[in-house]
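What follows is a short report on a single structure.
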Amino acid sequence: MIIDTHAHLGKDKVFDEEFGEEELIEAQKRNGINITIVQPATVNSIEDVKKQHDRIFELCKRYPGRFYGMANPNPHLPENIYEVELRRCISKLKFVGVKLQPFAHAVNPLGHDGRKVFALANKLKIPVMVHTGSGIPWSEPSLLHPIAEEYSTVKIIVAHAGMMVFASEAAYLTKKHVNVFLECSWTAGFLIKEWIKCIGKDRIMFGSDHADNAAVELIKYRSIGLTNEEIDWALGKTAKSVFRLKTNLNKNE
């Protein structure tokens, strides 16, 4: 089973990028991806993010078992508005996690608005994916040390694993905290191999970030000398466990 844990849908108003449904569907077919976890492109208002969440929900309904949603409201929204929307995503739309984008939303993970994401995720018992790498200082993995300790029951997914420039920080964070996992898009293959060996095959997960990048990301895992068991965990089993996906899907229909 292959699970792409990091994909986008919609118009991104920060990076001026359009992520389409057709590309996601084609990426699954072309690369043998069984499940894709889809989050909104970056927007700021509650109206815009609700539209994006609803669009992801409709995609999930049309392709049951192949797509799951991840919420991404702007953490700077008023606390009650943020909470209502995240709860709607989890309880009504059946999303499986929430994203914190320190770069695009200009939010400090250690500040009030950043911490409320983890506090609410703790209540809802869902994982938090956090963008790391580009966008310093708020996107440095080292900022997540106190968060990982304070919210030790929340599974934290370090998106891009520091995006190379902060790879050592991401690895150290994951070694120190058992509730931290690495999503390795834009990360060198030799680092992925090293981390699987020294941190664990059950702490690494595949993500594309962009549908056109899926093939490149997959070939990294298949070309660095991993065992079949290590590949199975990195490409699917870790994500299935972290996101608590109840599926036995073995192939695209």
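The values are calculated or read from the model by the stated rules, or taken from the named source; none is laboratory data. Bear in mind the structure is a predicted one, so any value in this text is a computation, not a measurement. Counting neighbours? That spans all protein chains shown, and the Cβs are built from the backbone with ideal geometry, glycine included.
Within the range 209-218, the presence of at least one residue that is of a type in the set (D, E) and outside any helix (DSSP H, G or I) is confirmed.
When A211 is tested against (1) under 17 Å from P127 (Cα atoms); (2) buried (at least 24 other Cβ atoms within 10 Å of the Cβ); (3) of a type in the set (A, V, I, L, M), exactly one condition is not met: (1). In the range 21-55, which residue that is buried (at least 24 other Cβ atoms within 10 Å of the Cβ) and either in contact with a Cys (Cβ under 9 Å, 6 or more places away or on another chain) or of a type in the set (D, E, K, R) (or both) is farthest from D232 (Cα to Cα)? Among those residues, the one meeting the criterion is H53.
The set of residues in the range 62-89 that are among the basic types (K, R) and farther than 16 Å from A119 by Cα comprises R62, R66, R88. Sub-6 Å Cβ pairs linking a first residue in the range 66-92 that is touching a residue at least 24 places away in the same chain (Cβ under 8 Å) and outside any loop (DSSP other than H, G, I, E, B) to a second residue that is among the aromatic types (F, W, Y) and surrounded by 20 or more Cβ atoms within 10 Å (Cβ to Cβ), at least 6 apart or interchain, are G69/F95; A71/F95; C89/F95, ordered by first then second residue.
Exactly one residue among K193, K237 is farther than 30 Å from E18 by Cβ and without any contact (Cβ under 8 Å) to a residue 40 or more places away in the chain, and that residue is K193. For the range 107-126, the set of residues classified as assigned to a loop (DSSP other than H, G, I, E, B) and farther than 15 Å from C89 by Cβ consists of V107, N108, P109, L110, G111, listed by residue number. Screening the candidates S185, S152, S168, S241 for the property of being among the polar types (S, T, N, Q), assigned to a loop (DSSP other than H, G, I, E, B), at pLDDT 95 or above and surrounded by fewer than 20 Cβ atoms within 10 Å (Cβ to Cβ) yields one hit, S152. Scanning the range 29-42 for residues that are of a type outside the set (K, R) and more than 17 Å from the chain's Cα centre (by Cα) yields a count of 2.
When we screen F15, F19 for residues that are more than 30 Å from N228 (Cα to Cα), touching a helix residue (DSSP H, G or I) at 6+ places or on another chain (Cβ under 9 Å), touching a residue at least 60 places away in the same chain (Cβ under 8 Å) and not charged (D, E, K, R), the only hit is F19.
Here is a yes/no grid of residues against (1) touching a strand residue (DSSP E or B) at 6+ places or on another chain (Cβ under 6 Å); (2) within 16 Å of I204 (Cβ to Cβ):
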{"site": "E79", "(1), (2)": "no, no"}
{"site": "K92", "(1), (2)": "no, no"}
{"site": "T132", "(1), (2)": "yes, yes"}
{"site": "W138", "(1), (2)": "no, no"}
{"site": "K155", "(1), (2)": "no, yes"}
{"site": "T174", "(1), (2)": "yes, yes"}
{"site": "H177", "(1), (2)": "no, yes"}
{"site": "V180", "(1), (2)": "yes, yes"}
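Of all the listed residues (I157, I196), the sole one being modelled with pLDDT of 95 or more, assigned to a strand (DSSP E or B), surrounded by 15 or more Cβ atoms within 10 Å (Cβ to Cβ) and not small (G, A, S) is I157.
Close Cβ contacts (under 7 Å, 6 or more residues apart or on different chains) running from residues in the range 39-63 that are among the β-branched types (V, I, T) to residues that are assigned to a helix (DSSP H, G or I) and crowded, with 17+ Cβ neighbours inside 10 Å comprise V43/V49; V43/Q52; I46/E85; V49/E85.
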